[in-house]
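Note sheet for the following structure.
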Amino acid sequence: MHKENGFINLNKPAGMTSFKCVSIIRRLTGIKKTGHAGTLDPEATGVLPVCIGKATKCSDYFLRMGKSYRAEFILGVTTDTMDMWGEIVSENYEVGDGITKEQLSGVLGDFRGEITQVPPAFSAIKKDGVPLYKLARQGVSVEVESRKVTIYELVLTDFFKDDEGHNRAVIDVHCSKGTYIRSICNDIGEKLGCGGAMSKLVRTSYGELSLDNSVTLEKLENAFSEGLGDGYIISMDRIFKGYCSVEITEKEKQDYIHGKQVKVSKERIVGESEYDDICVYSQGELFAIAERVELGGKVWLKPFRFFGD
């Protein structure tokens, strides 16, 4: 029997859907309740959090966390998907090949801080309950609404000519939720007047998880075949490292289970956090996530997310 609750920090391989990765891990663990947080496109690689058991209730907490990526893009081409796996819409290599590193660096500042971007038409964003990529494949034209996202860091790490003499750039991006790196590559190319399309994407970190401590599917399958797979299942509370916490008594736990707001003194709250939610522990195990409500000098733990049986 394997650990029933937790996360696997998977280094997703290229050419495989996030859904397929989940199905493989479901088979390895034997636990049906398995899902992922934050889809990676089939050709993208890197950090894919796979949630197991009760941890599937935590997937939306991942979505609020910042992510980091390393992306490569080609100047002088645009596609319908904003990456090199889509259909080419236009080519302007004559201009793209003449762009200098200094010119590229000069426009990157426009993509730092809070920016407005239009997500790709081929994306998992839903319109009336239907993913945009399904509508796009059906030839249905949908106006994609722009959104505000925050780019905390954007660094040019490489600029070179490929074998065909076209300019390629590599950027490291640390961004907020909802950011599409394909859109950034496309918009940088548009700003330079030549177009741009992403050619590689690696997610290097996602909240507390990083590429350095991820595991490949091959290594994971070998570990499970040798009975060592549990060593790659991370406990649920690891993802809530930046949250405040409180330990509750058995009586308080029963009150919480029955939907009552538990009142605790501020002195019992451990840690400081930018988040209002509090991790609630019972006998040392993560039991629930509570909404923090301060009233009359006390903290009320308003039931929000329950990990009990």
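We did not get these values from a lab; they are worked out from the coordinates using the rules stated. Since the structure is predicted, the reported quantities are computational estimates derived from the model, not experimental observations. Note that we place each Cβ from the backbone using ideal geometry, even for glycine, and neighbour counts take in every protein chain shown.
Convert each backbone phi in segment 111-119 into a coupling constant with the Karplus relation 6.51 cos²θ - 1.76 cosθ + 1.60 (shift: θ = phi - 60°), then list the ³J(HN,Hα) values in order as whole Hz, x for Gly and Pro.
Each residue's phi maps through the Karplus curve to give 10, 10, x, 7, 10, 10, 9, 9, x Hz.
Which of 55, 66, 42 sits closest to the plus end of the dipole of segment 30-69, meaning its Cα is farthest towards the positive end, when Lys and Arg get +1 and Asp and Glu get -1 on the C-beta?
55
When Rg is the radius of gyration of the Cα atoms in the chain and Rh is its Kirkwood radius, what does Rg/Rh come to?
Working: Rg = 22.3 Å, Rh = 21.6 Å.
Result: Rg/Rh = 1.04.
What span do the alpha-carbon atoms of segment 152-229 cover on each of the three principal axes, reported in whole Å from largest to smallest?
For segment 152-229, the Cα spread along each principal axis is 55, 33, 17 Å.
Give me the number: length gained by fully extending residue 267 to residue 80, i.e. 0.36 nm times residue separation minus the C-alpha to C-alpha distance, one decimal in nm.
Contour length minus Cα-Cα distance gives 61.8 nm.
Mind checking which of 205, 244, 225 is farthest towards the positive end of segment 205-248's charge dipole, using Cβ charges of +1 (Lys, Arg) and -1 (Asp, Glu) about the Cα centre?
Farthest towards the positive end: 244.
From the backbone phi of segment 250-260, what are the Karplus-calculated ³J(HN,Hα) couplings (6.51 cos²θ - 1.76 cosθ + 1.60, θ = phi - 60°) in whole Hz, Gly and Pro given as x?
Ordered by residue, 3J(HN,Hα) equals 5, 5, 5, 4, 5, 4, 5, 4, 8, x, 8 Hz.
As an exercise, identify the trypsin sites (Lys or Arg not before Pro) in segment 219-252 lying in DSSP coil whose Cβ has no more than 13 other Cβ atoms within 10 Å.
Qualifying residues, ordered by number: 241.
For segment 1-46, evaluate the Debye formula with one uniform point scatterer on each Cα (no solvent term) and list log10 I(q)/I(0) at q = 0.15, 0.17, 0.32 Å⁻¹, rounded to two decimals.
Listed by q, the Debye log ratios stand at -0.37, -0.47, -1.28.
List, in order, the whole-Hz ³J(HN,Hα) value for each residue of segment 13-26 obtained from phi through the Karplus relation with A = 6.51, B = -1.76, C = 1.60 and θ = phi - 60°; use x for Gly and Pro.
x, 6, x, 10, 6, 4, 4, 5, 4, 4, 5, 5, 5, 4
Would you pull out the residues with amide H under 5 Å of residue 43's amide H, same chain only if 5 or more places away, H placed 1.01 Å from N?
HN-HN under 5 Å from residue 43: 15.
Under 27 Å between alpha carbons: how many lysine pairs meet that in segment 134-284, if sequence neighbours fewer than 8 apart on the same chain are excluded?
25
Express the relative contact order of the chain as a whole percentage, based on alpha carbon pairs under 8 Å and six or more residues apart in sequence.
20 percent.
In percent, what relative contact order does segment 242-285 have, based on Cα pairs under 8 Å that are 6 or more apart in sequence? Display every interim value, and only then the final one.
Working: 49 pairs, mean separation 29.0, N = 44.
Reported relative contact order: 66 percent.
Run the dipole for segment 1-106 about the Cα centre, Lys and Arg Cβ at +1, Asp and Glu Cβ at -1, nothing else charged, and hand back the magnitude in debye, nearest 20.
On the way: 13 positive and 12 negative charges, 270 e Å.
Charge dipole, segment 1-106, about its Cα centre: 1300 debye, nearest 20.
Where the only charges are on Cβ atoms (+1 Lys, Arg; -1 Asp, Glu), what is the dipole of the chain about its Cα centre, to the nearest 20 debye? Don't skip to the end; give the middle numbers.
Values: 40 positive and 45 negative charges, 273 e Å.
For this selection, approximately 1320 debye.
Using only the C-alpha atoms of segment 1-90, find the volume of their convex hull and express it per residue in Å³.
Spread over its residues, the Cα hull of segment 1-90 gives 105 Å³ apiece.
Please work out the FRET efficiency for the pair residue 102 and residue 23, using the Cβ-Cβ distance as r and a Förster radius of 45 Å; give the result to the nearest 0.05.
0.45
With r as the distance between the Cβ atoms of residue 291 and residue 254 and R0 = 22 Å, compute the FRET efficiency 1/(1 + (r/R0)^6) and round to 0.05.
Efficiency, rounded to the nearest 0.05: 0.70.
Can you compute the FRET efficiency between residue 300 and residue 148 using 1/(1 + (r/R0)^6), with r the Cβ-Cβ distance and R0 = 41 Å? Round to the nearest 0.05.
On the way: r = 32 Å, r/R0 = 0.79.
So, using R0 = 41 Å, E works out to roughly 0.80.
If you take the charge dipole of the chain about its Cα centre, with +1 on Lys and Arg Cβ and -1 on Asp and Glu Cβ, which of 170, 13, 159 is farthest toward its positive end?
Working it through, the farthest residue towards the positive pole turns out to be 13.
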